[in-house]
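Taken together, the values in this text are just the output of simple stated rules run on the coordinates, not laboratory data. Because the structure is a prediction, the values reported are computed rather than measured. Cβ: placed from backbone, ideal geometry, glycine included. Neighbour counts: every protein chain shown.
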Amino acid sequence: MKSSRFRVAALAAALLAVTQVHPALAAPGDPGEPRYSAGASSLDDPYFPDQGNGGYDVQDYDVTFAYDPATKIMNATTVITALATQDMDQFNLDFQGPEITSLKVGKHPADFTRSGQELVVTPRPKVKSGQTFTVTVSYEGTPPVITDPDGSIEGWVPTDDGVFVPGEPQGAPSWMPVNDSPADKATFTFRATVPEGITVVGNGRLLSQTTEDAKTTFVWRSAEPMATYLATVTLGNFVVTESTTPSGIPVYTAVDPRLVTQSATAVARIPDILEYFSTIFGPYPFNQAGAIIDRAPNVGYALESQTKPIFSSAPSVSTMAHELAHQWYGDSVTLSKWSDIWLNEGFATYATWLWTEHSGGATAQATFNSSSNYGRAATSSFWQILLADPGPEDMFSNIPYNRGAMTLHALRGKIGDTAFFKLIKDWAADHQYGNATTADFIKAAEKISGQNLTSFFDVWLFQKGKPTTW
Ligand code: TRP
Ligand code: ZN
């Protein structure tokens with residue numbers, strides 16, 4: 001970093017020497033002079049235009065906090081390590097959290113302003129393209145609950161014994177400053193200190209758990225890249241169980257003591273589900289698996305937080321299978337824009353159909369035919385939402401889930417089992433830890449099958465109405 005700055009300075013001096021007539025005119029954009037500008041404040045996702053920012057690529061988040069459920073006060077410092085992709089005199093982060101008490105870029109305090117979820121930072125010295133820089137943000141107070149376009153809640157949701165922390169699609173900025181785009185994955189470390197007796201469950205592996213002065217600190221490390229919306233640090237009273245699957249995947253489950261009995265069947269099937277999915281989707285993508293089963297009745301949904309899905313009540317086996325399938329489809333291979341939500345939900349739902357068949361229940365074909373799926377009347381309003389672009393209010397409606405799964409089952413019929421199962425396995429391998437789009441999927445399906453699938457995908461994805469021929 002230092003040597004390249006010296007080179008630029010030397011070049012600028014040389015240029016000045018040959019342009020003696022206009023000695024003071026070295027301007028941004030001149031050869032040898034960096035053109036500093038503001039990183040984009042949006043990545044233009046039409047569903048969540050405030051999400052994400054340009055000008056840099058986050059590599060790592062290191063989030064240290066103390067939290068007491070009794071006072072609901074968080075005292076936090078988040079260190080973001082990012083790589084600049086342009087010369088920047090300003091950049092944005094997404095943050096909805098409490099009052100910022102200090103903000104530094106590198107070692108230098110930086111000016112900032114806040115407006116909605118935009119945290120606008122003015123780094124001095126400015127940041128050069130190619131530079132790795134850190135942003136250290138300290139903040140104190142109570143993180144907010146975020147309300148989604150469909151009325152559901154996420155972010156920092158207090159429970160009667162702690163906090164339930166779901167982040168999809170826009171909850172992460174509630175409690176940490178982030179580049180809140182599903183396309184900017186990074187590694188994460190969470191260092192959380194809570195009153196002794198409370199358990200904090202984060203993504204990835206538990207590096208340490210130490211108790212001192214009636215407080216316990218949990219350090220969780222997500223070593224594989226993760227999208228911000230998949231982060232969690234759910235905390236409360238939990239019964240923790242650690243085990244290993246037959247193929248060696250460590251499993252950490254945390255269950256609210258009141259839900260242990262009701263959850264037992266779903267928890268017991270975790271190893272079987274992971275082993276089955278590994279055979280059809282390829283190796284489990286992370287170095288840790290598990291589940292967090294909490295009591296958060298006002299949330300009412302489960303979420304595929306990376307390595308440890310979170311459940312707001314005791315899950316059924318099929319809900320467990322759905323969230324575990326997301327570890328391949330959604331978490332390891334992540335959508336790039338939210339209108340492609342069927343790539344997450346359709347895949348996880350179809351995986352559940354396959355699990356149901358595998359475990360002795362209805363066949364995938366029978367589920368396809370059922371009255372909640374293809375058996376719906378053509379006049380049903382179900383068919384009137386576009387799968388390729390359901391809109392922010394319907395992104396978690398049954399369209400991406402059920403029509404998405406039907407699309408995959410219909411595709412399997414169209415291209416045959418061999419091509420279909422190769423397609424979904426390759427999809428997981430080719431985009432592991434990355435992002436993908438519907439266009440990428442269509443291309444892969446055509447390549448593997450050798451068929452032109454334009455009219456197939458047109459009917460299932462890009463047209464409203466109940467498909468009749470494909
Ligand atoms: N992705 C979750 C799942 O399928 C569901 C989900 C996440 C959700 N965020 C939501 C549902 C917000 C409703 C509202 O398991
Ligand atoms: Zn899902």
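Annotations for the structure displayed:
- Contour minus Cα-Cα distance for Ser129 and Glu393 (0.36 nm per residue): 91.3 nm
- Distance between the pseudo-spin-label points of Leu207 and Ser37 (7 Å out from Cα toward the beta carbon): 3.8 nm.
- The convex hull defined by the C-alpha atoms of the chain has an orientation-averaged projected area of 25.5 nm².
- Farthest positive-ward along the stretch 335-461 dipole, Cα basis, beta-carbon charges - from Trp342, Trp353, Ser449: Ser449
- Beta bridges per DSSP with both ends in the stretch 37-231, % antiparallel, nearest 5: 85
- Dmax and Rg, reported as Rg then Dmax, of the stretch 238-327 (C-alpha, Å): 12.1, 37
- Long-range amide H partners of Ser152 with built H, under 5 Å: none
- Shape class of the stretch 75-157 from the Cα gyration tensor (axes a ≥ b ≥ c, square roots of the eigenvalues): prolate, since a/c reaches 1.5 or more and a/b is larger than b/c.
- Label zone (Gln432, point 7 Å along Cα-to-C-beta; backbone nitrogen cut-off 17 Å) within the stretch 209-248: 223-227, 247-248.
- Relative counts (whole %) of C-alpha pair distances in the stretch 362-405, using bins that are 10 Å wide: 29, 52, 19, 1
- Efficiency of FRET from Cβ geometry, Asp57 and Asp111, R₀ 22 Å, rounded to 0.05: 0.45
- Under 20 Å from Lys425, Cα to Cα: lysines that are on another chain or at least 8 residues apart: Lys414, Lys443, Lys447
- DSSP loop trypsin sites (Lys or Arg not before Pro) with at most 11 other Cβ within 10 Å excluded, longest remaining stretch of the chain: 108-463
- By other beta-carbon atoms within 10 Å, ranking Trp470, Trp460, Trp156 with the fewest at the front produces Trp470, Trp460, Trp156.
- Relative contact order for the stretch 238-327: 29 percent, from Cα pairs under 8 Å spaced at least 6 residues apart, divided by residue count.
- Potential lengthening of the chain between Tyr301 and Lys215 amounts to 27.9 nm, from the contour at 0.36 nm per residue minus the alpha-carbon distance.
- The stretch 169-215 shape via C-alpha gyration tensor axes, a/c threshold 1.5: prolate
- Using a simple spin-label model with pseudo-atoms 7 Å out from Cα toward Cβ, Lys447 and Ser247 lie 2.4 nm apart.
- Student exercise, the stretch 378-470 dipole from Lys, Arg, Asp, Glu Cβ charges, in Debye to nearest 20: 280
- Loop-resident sites, the stretch 331-413, for GluC sites (Glu not before Pro), counting at most 12 other Cβ within 10 Å (DSSP): none
- Helical content of the chain, expressed as a calculated mean residue ellipticity at 222 nm, amounts to -7500 deg cm²/dmol (DSSP H runs of 4 or more residues, -39,500 (n - 2.57) each, divided by residue number, nearest 500).
- Greater than 29 Å apart at Cα, pairs in Lys107/Lys337; Lys72/Lys308; Lys185/Lys308: Lys107/Lys337
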